[in-house]
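Here is the structure we will look at, set down as structure tokens.
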Amino acid sequence: PFEILPEAFVQIEEPAFIFGNQSPKPMTVTVKAGVDDFEGTLNLDLPDGWSTTPADYPISLSRKGQSETFEFMLHPSEEASEVEISAYIQSNSKKYDRSLALIEYDHIPTQSILLPATSKAVKIDLQINGNKIAYIMVAGDEVPSSLEQIGYEVDIIEPNTSLKVLKEYDALILGIRAYNTINELRFINQTLFDYVKQGGTMIVQYNTTWGLKMSKDEIPPLPLNISRKRVSDENAEIRILAERHPVMNSPNKLNAGDFNNWVQERGLYFPNEWSEDYTAILSCNDKGEEALNGGLLVAELGAGHYVYTGLSFFRELPAGVPGAYRLFANMIALGKNNTND
């Protein structure tokens, strides 16, 4: 194949940066030479209010294909904002601002794809109450790292962690499809419920209706029925059913605007039946379909709180959706709230 490619390539390694405060974050940028003896300066195109240290780096690569990695400290704006950051190399009068992606399979010719060297950066208007989280994780779950980005201390724990240890955490979170994939949960589920009864907050993210490691009736401490119902339209109207509930008010005051710019879907496998012990927080539906009120259910259990949610936080948090972070922070803070105002 005949290809015309730039003399240099640049790539920001992290797809998104999420800030819940003013603490800077490291940003890794890799440059790669497309020719021998390449020299230039690595720069970042930053929106107003954002800055890095250092401001740039000199580049000197002696051989074609050679690469080097550089680290900037990215400082967010003081105001809440959602921006795009670009990296580029200035060499004499030429500007190189593309990353190189190779598509290589045995059955097709190798293809070189040039993409913009950009990354998303989000500064969120966010308050946190309680920060130590125990997380029971499944493969491919990016929620823990997303929560760490905004300042939470997240410990990945084994399912058989003792109640004594669990009581040290402000919240216990189960990863997506935990009851579909973690066999041990059927043996220790009651311990998790005891943690809630003694004042903890337990957040269970969506599970599918097939392949469960236990009966559907054994999953929650209070009756609810997982269904196959979902809301596929990420822009579907969100109706707030419990405006005065703490999960909508503390520590972040939420409104309909927090559900703007969600990605891919609202949620999936919503419960369709539940006991009166739960408070249904939100309602939404795809066009022409019935209203679904089971996307976020909260119940008091003993001295603590049990939350079951089918909302797609596993998509929204890695994508940097501010409202999803604000809502998740409120869920974590349930055990710290003292008012419904």
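The values are calculated or read from the model by the stated rules, or taken from the named source; none is laboratory data. For clarity, every value in this text was computed on a predicted model and none was experimentally measured. All Cβ positions, glycine included, derive from the backbone under ideal geometry; neighbour counts span all protein chains shown. The area values use the complete protein model at the heavy-atom level, side chains included, leaving out ligands, DNA and RNA. Shrake-Rupley method; radii C 1.70, N 1.55, O 1.52, S 1.80 Å.
May I ask you to say which residue of Ala101, Ala121 is touching a strand residue (DSSP E or B) at 6+ places or on another chain (Cβ under 7 Å), among the hydrophobic types (A, V, I, L, M, F, W, C) and surrounded by fewer than 16 Cβ atoms within 10 Å (Cβ to Cβ)?
None of the others qualify; the one that does is Ala101.
Go over the candidates Asn21, Asn43 one by one and state the one that is open to solvent by 20 Å² or more (accessible area, probe 1.4 Å), assigned to a loop (DSSP other than H, G, I, E, B) and not aliphatic (A, V, I, L, M).
That would be Asn21, the only listed residue that is open to solvent by 20 Å² or more (accessible area, probe 1.4 Å), assigned to a loop (DSSP other than H, G, I, E, B) and not aliphatic (A, V, I, L, M).
Any residue at all in the stretch 207-215 that is within 17 Å of the chain's Cα centre (by Cα) and open to solvent by less than 50 Å² (accessible area, probe 1.4 Å)?
No: the stretch 207-215 contains no residue that is within 17 Å of the chain's Cα centre (by Cα) and open to solvent by less than 50 Å² (accessible area, probe 1.4 Å).
Filtering the stretch 50-64 down to residues that are in a loop (DSSP other than H, G, I, E, B) and either aromatic (Phe, Trp, Tyr) or in contact with a strand residue (DSSP E or B) (Cβ under 6 Å, 6 or more places away or on another chain) (or both), which residue is farthest from Met27 (Cα to Cα)?
Only one residue fits best here, namely Lys64.
Enumerate the pairs (first residue in the stretch 214-241 and without any contact (Cβ under 8 Å) to a residue 24 or more places away in the chain; second residue anywhere and β-branched (Val, Ile, Thr)) with beta-carbon separation below 8 Å, excluding pairs fewer than 6 apart on the same chain, so at least 6 apart or on different chains.
Listed pairs, sorted by first residue: Lys216/Thr209; Lys216/Ile226.
Among the numbered conditions (1) more than 23 Å from Ala329 (Cβ to Cβ); (2) part of a strand (DSSP E or B), tell me where Asp155 comes up short.
With respect to (1) more than 23 Å from Ala329 (Cβ to Cβ); (2) part of a strand (DSSP E or B), Asp155 is out only on (1).
Please go through the stretch 158-181 and give me each residue that is farther than 23 Å from Ala319 by Cβ, assigned to a loop (DSSP other than H, G, I, E, B) and either out of contact with any Lys or Arg (no Cβ under 8 Å at 6 or more places or on another chain) or charged (D, E, K, R) (or both), ordered by number.
Glu158, Pro159, Asn160, Thr161, Ser162, Lys167, Glu168, Asp170
I'd like to check which strands (runs of 3 or more DSSP E) are fully inside the stretch 257-341 and have at least 1 residues that are farther than 24 Å from Tyr169 by Cα.
Per the criteria, 267-274, 278-280.
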